[in-house]
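Report on one structure; see the data block that follows.
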Amino acid sequence: MPIPLPAPRPLRLLTVMRFLRWSLGLILPLMAAGEEAPPPPAPESPPGLEADADLPDGDEVFAAAQQTLKNAKTEPAALRALYTVVNLQRRRGDYLAGLAAARDGLARAQQLQDLRLQVDFLYLLGRIHWNLTNYPQSLESHLEELRLSERLGNAAILARTHGGLGLTYHHYGRNEDALHHFRIGLRYAEEAKADRIRASILNSLGNYHLGQRDYARAAAIHGQALALRESYGNPRAVADSLINLGLVAEAQGDVARALDYLERALQTFEALKYRRYIANTHRRLALVLRKAGRADEALVHLQTALPIAHSLKSLEVLADLYAEFALTHEARGELAAALDYERKLEAVREQMRSEQDRQKMAELRARYREEQRELEITLLKREQELQQAEIRRRRFQNIALGVGLVGGGVLLGVVIFVQLARLRAERRMRLATDHARERAESAERLKTRLLQMASHDLKVPLTSLNATAALIGRSPAATAEVQRLAAGIQADTERMRSLVRDFIDAAAREDGNLQLHSTELDLAGLVQQVAGHLQPVAALKTQRLVLQPAATPLPRVLADADRLQQVFDNLISNALKFTPPGGEIVIAFGVAGNWAFTEVRDSGPGFGPADFARIFSPGEPLSAKPTGEEDSTGLGLFIARELLTLQGGRLEVQSKPGAGAVFRVLLPVAAPT
């Protein structure tokens, strides 16, 4: 695409004035004396540090924090109160309001030149971006926080900063960096004797080892965190550690110990009246009981949690609860009830997607307002500078009159000469800029054309090679080994044809020349045809392609048959590529409202949290690797989503590390004729 180049700036009166001031350097120092304002006094630093994981919450605490902010008499006191309010907003899940307030607090702390307050608000920005799964922005905030924290030299602050970096790197998929910062944070916390921060970092480190399935180490570290939290008497934090120990015990298969930890945590949350924690703890108890074969007891906990979840009006809590309801009813053999909760879960997820879109729009509006405010401040400063320049210009004029007409005439000649030279230089720069832009656009067009030519010229020999391999495999004289090799050649050429098609489509998409011809289609029939073509590929890795028909006949969908076949070819090929030999790929069908959908479920390694930020980006590498040394260009998922979007469809993905991946294609149902 064309490379944007800056346009030359027009001639300004301010530049001429600067030259005039330089020319009369012997006179201007007399005018400039005494104009610089003294620097503002250093603002007061906030009081002692407490790990945000141990900050008490609740409506009463939040109301008290807001009242403290309202009653603040000085700007440093107001910012310290604002820090507490933002931290509570984050804990309560009000991320957008917290994000806007944290940005405002950072800007005000920078105006005060208070390094400590800047560090505090950068920490909050990093945590809120982490809550919103914006890990790159979270990392950027914490790294800037680290730079300023090192200037402060406070061990407790450095411990908190490294703890935040470790947590962000962990969810970003950079485990070595996460461990590095966790260890540094613990060392600083011990040096500062900051038990609350140390307990918070131990909690994060224990969860890291739990995610790595190192259950013995996770249990030991969470035990240390529990002992620390009990020593300084924060009941909510103690209950949080009990929850984590319960999850570790459940992973180790010790059901009795897991239930004991979770029930102790539930008692604490009920005493504190923390409804969100109560609902989530009941759900975790139900999960442990269901896995232990005690589905009836699990259902009691879920029914207790359901009215609490409704009162919270939290879609996340409700979605997790509906998912556990569906699994529990399925374990009890109540398939109709399980299906009903699956439908409720899908409806809540649709609301969550809409809410996420709304939150993104609100965040964009907040960023826009912030940028507008910064622009207004910049314009005010520029106006002040222009006013000061105007005052100096008038002073200069008065002094210049005393110098005489001769000096003024000479100076005017110099100014005219300089401006003429500048105009000539700008003209040359404009010509060079236009030439560079033309060369960049020509190179971009040549690259796209070469890609199209190379991809197109590969289609014919690959088709011929595929047909020849099919003839060899069907020959009566072919031995079993020859048939196996022929099937392998067919599978390889099919993959190469898919890659060529991806390159052609990527180029067409870039040029805006991708053509679609939509008709009413039988979705199940089309997918079965694609799966049949890929059976030889599955056979090479002794994999099973299983098609699960829908409970009711699928309605016809409106789509382009060739492009839709290409979408499923990419998705099923990916599933075969990342599923280990001997594994199973399940293709299921269904209807959700006005959408017909197809799910491609593999049994591969799945995706980590860091993968979701780049899963649909062209050419971006993911953490999962093909299980049969197949090639991966990183274009397949990008093109599949683009093709579906152009047809009014959607491509969704669900995955957890080690639990495979599910790609769901949703297409609008064709209107009845």
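Observations on the structure shown:
- Working ranking of peptides 264-277, 228-241 by packing, defined as the average number of other Cβ atoms within 10 Å per residue, highest first, is 228-241, 264-277.
- Rg then Dmax, both in Å and based on the Cα atoms of the stretch 516-668: 14.7, 40.
- Part-to-part distance (alpha-carbon centres) for the stretch 519-586 and the stretch 103-163, which is given in Å: 48 Å
- Pairs from the table (Lys344/Lys656; Lys193/Lys273; Lys193/Lys313) lying more than 29 angstrom apart at Cα are Lys193/Lys273; Lys193/Lys313.
- Translational diffusion coefficient (Stokes-Einstein; Kirkwood radius from C-alpha pairs) of the stretch 220-366 at 10 °C, 1.306 mPa s, in µm²/s: 97 µm²/s
- Segment Glu270-Lys73, extension gain: residue separation times 0.36 nm, minus the distance between their alpha carbons: 67.2 nm
- FRET efficiency estimate (nearest 0.05) - Cβ-Cβ, His180 to Ala671, R0 41 angstrom: 0.10
- Nearest-0.05 FRET efficiency for His533 and Ser231, computed from C-beta distance (R0 41 Å): 0.05
The numbers here are math on the coordinates, done by the rules we state, and not lab data. Computed from a predicted structure; not experimentally measured. As a convention, Cβ positions derive from the backbone with ideal geometry for all residues, glycine included, and neighbour counts pool all protein chains shown.
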